[in-house]
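Novice: Encoded as structure tokens, here's the structure I'll be asking about.
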Amino acid sequence: MIGAPAIRAAAGGLTRHLAQTLVIISVLTAATATATLGMSLLTNANEAFVNGTMNAMIRRVRTGRPSLAYTGPHLPPSRTAPAAA
């Protein structure tokens, strides 16, 4: 079998260098856990903002109000067109 010597050498290295093997495994485990936590925090950080924005948009659609039209007391009435820049 062609792969047998490679597997035997790797297994021998694992048993001879047990401390280094355990340190590498623990570092890889900690890095994986940290990356998973980071991705979870990244995706959940904006969840409240996205939910609030979507709820506001859904309310506007259900009430028939356009999303970008601000009328009434929000803006003073304009008598002239804005000047072109």
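Taken together, the values in this text are just the output of simple stated rules run on the coordinates, not laboratory data. This structure is a prediction, so every number in the text was calculated from the model and none was measured. Please note: Cβ atoms are built from the backbone with ideal geometry, for glycine as well, and neighbour counts cover all protein chains shown.
Novice: If one computes P(r) from the Cα atoms of the stretch 1-67, what percent of pairs lie at distances over 17 Å?
Specialist: The answer is 69 percent, as a whole percent.
Novice: Along Cα→Cβ, 7 Å out, is where each label goes; now give me the distance between the ones at Ala33 and Asn55 in nm to one decimal.
Specialist: In this crude label model, Ala33 to Asn55 measures out at 3.5 nm.
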